[in-house]
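Single-structure report; data block below.
The values are calculated or read from the model by the stated rules, or taken from the named source; none is laboratory data. This one's a predicted model, so the numbers in the text were calculated from it and none came from an experiment. Quick reminder, even Gly has a Cβ in these numbers, built from the backbone with ideal geometry, and neighbours come from all protein chains shown. Side chains included, ligands, DNA and RNA excluded: accessible areas come from the protein's heavy atoms. Shrake-Rupley method; radii C 1.70, N 1.55, O 1.52, S 1.80 Å.
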Amino acid sequence: MKEDILGYSIDTLSSTDCCDEIVNSVTSGKKGWLACFNPHSYAVSLQDNLFSSALSNADWLVPDGIGVVYASRFLRGEVKERVTGFDIFKGVHDRLKNTNCTRVFFLGSTDETLVKIKKRMQEDYPELQVVGFYSPPFKPTYTAIELQEMISAVNNVKPDVVWVGLTAPKQEKWILNNISKLDVKFVGAIGAVFDFYTGQVKRSSPIFQKLGLEWLPRLMQQPRRLWRRMFISAPIFVLDVFKEKFASK
């Protein structure tokens, strides 16, 4: 099920149902990809047409932000809960280990982080095969040669699932432009999950998560990186939700 929020089709499934749907798609041999939607991604998309197109074309666009859940309630929609990139990452892995589609690839971040991911994946999911990693250059755009190297790194090992952690909006735009060239079944744009999974950035406690305040400890940890999200992007999103509500009347 989908719900239109500010022109984007947001999945209304719970995290459990969403992971079930993704894994069913993977095991049936279909190709699809996932992006996360939150007030910041919405605000960025207003100034970035390619990013907007990527969000619109994702097969799963999950409500990764408590603001999206509240917006849905305010608009009398069907989004019942926040579904984070980390929820998808863990849920998909928990299900894949019981299937024949166990080949996983990680694209993004640093070589150091990827080594840590490999070690933890071996501990947490010994049933899964981590068939490859690739750390691309840290730059806003890639040359044709660099893009081909990234695509070849994936296709040479034929993974079932590729996790992309290039940070938004670069990761979503990269997937949109290149998924047709990738020999995979599912691609997930999950950004900061690479750092969460390795413990380099700590997730907020379950109490903050349940209260919808996961952003607060993160803002205190990374104020220079996240202040714009809270004090510029969030008000833009809220204002546009109000406009949509009263325009419909």
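Which value, in debye to the nearest 20, gives the size of the charge dipole of the range 1-45 about its Cα centre, when Lys and Arg are +1 and Asp and Glu are -1 at the Cβ?
The calculation lands at about 220 debye.
Straight distance only, please: which lysines reach the Cα of Lys31 with their own Cα at less than 22 Å, same-chain residues fewer than 8 apart left out?
By straight Cα distance, Lys31 reaches Lys2, Lys90, Lys97, Lys158, Lys170, Lys173, Lys181, Lys185.
Not counting ligands, DNA or RNA, and with a 1.4 Å probe, what is Arg82's accessible surface area in Å² rounded to the nearest 10?
70 Å²
Taking the Cα centre of the chain as the origin and placing charges on Cβ (Lys, Arg +1; Asp, Glu -1), which of Val238, Ser28, Gly132 is farthest toward the positive end of the dipole?
With unit charges placed on the Cβ atoms, the residue in question is Val238.
Which loop chymotrypsin sites (Phe, Trp or Tyr not before Pro) in the range 52-153, with loop taken from DSSP, have no more than 13 other Cβ atoms within 10 angstrom of their Cβ?
Phe138
For a quick check: with amide H placed at 1.01 Å from N, whose amide H comes under 5 Å from Phe37's, ignoring anything fewer than 5 positions away on the same chain?
Residues meeting the criterion, in which the H sits 1.01 Å from N, are Val62, Asp64.
Considering only protein heavy atoms, with the full assembly of protein chains and a 1.4 angstrom probe, order Thr84, Thr99, Thr167 by accessible area, largest first.
So, going from the largest accessible area down, we get Thr167, Thr99, Thr84.
As I understand it, the dipole of the chain uses +1 on the Cβ of Lys and Arg and -1 on the Cβ of Asp and Glu, about the Cα centre. Which of Gln200, Phe89, Gln171 lies farthest toward its positive end?
Projecting each Cα onto the dipole axis, the largest value belongs to Gln200.
Would you mind checking the tilt of helix 15-27 against the longest principal axis of the Cα atoms of the chain, expressed as 0 to 90 degrees and rounded to 10?
Long axis of 15-27 versus the principal axis of the chain: about 40 degrees.
Using +1 at the Cβ of each Lys and Arg and -1 at the Cβ of each Asp and Glu in the chain, identify which of Leu75, Tyr8, Cys18 lies farthest towards the dipole's positive end.
Leu75
Rounding to the nearest 20 debye, state how big the charge dipole of the chain is about its Cα centre with +1 on each Lys and Arg Cβ and -1 on each Asp and Glu Cβ.
In total the dipole reaches around 500 debye.
With θ set to phi - 60° and the Karplus curve 6.51 cos²θ - 1.76 cosθ + 1.60, what are the ³J(HN,Hα) couplings of the range 35-48 in order, to the nearest whole Hz, using x for Gly and Pro?
Going residue by residue, I get 10, 10, 10, 8, x, 5, 5, 4, 4, 5, 5, 5, 10, 9 Hz, with x marking Gly and Pro.
Using only the Cα atoms of the range 96-162, build the gyration tensor, take square roots of its eigenvalues as a ≥ b ≥ c, and label the shape rounded, prolate or oblate: rounded if a/c is under 1.5, else prolate if a/b is larger than b/c, else oblate.
Taking the square roots of the gyration eigenvalues as a ≥ b ≥ c, the range 96-162 is oblate.
³J(HN,Hα) across the range 103-110 via Karplus (A = 6.51, B = -1.76, C = 1.60, θ = phi - 60°), whole Hz, x for Gly/Pro?
The phi angles translate into 8, 10, 10, 10, 10, x, 6, 9 Hz.
Enter the accessible area of Lys245 (Å², nearest 10), with the probe set to 1.4 Å and all protein chains included.
30 Å²
Report, as a whole number in µm² per second, the diffusion coefficient that Stokes-Einstein gives for the range 35-90 at 10 °C and 1.306 mPa s using the Kirkwood radius over alpha carbon pairs.
After rounding, the answer is 135 µm²/s.
Please work out whether the range 1-84 counts as rounded, prolate or oblate from its C-alpha gyration tensor, where a ≥ b ≥ c are the square roots of the eigenvalues and a/c under 1.5 means rounded, while otherwise a/b larger than b/c means prolate and anything else oblate?
oblate
Which value, in Å² rounded to 10, gives the accessible area of Glu21 with a 1.4 Å probe and all protein chains present?
Near enough 80 Å² of accessible area.
Between the alpha-carbon centers of the range 129-196 and the range 61-97, tell me the distance in whole angstrom.
Using only Cα atoms, the two centres lie 22 Å from each other.
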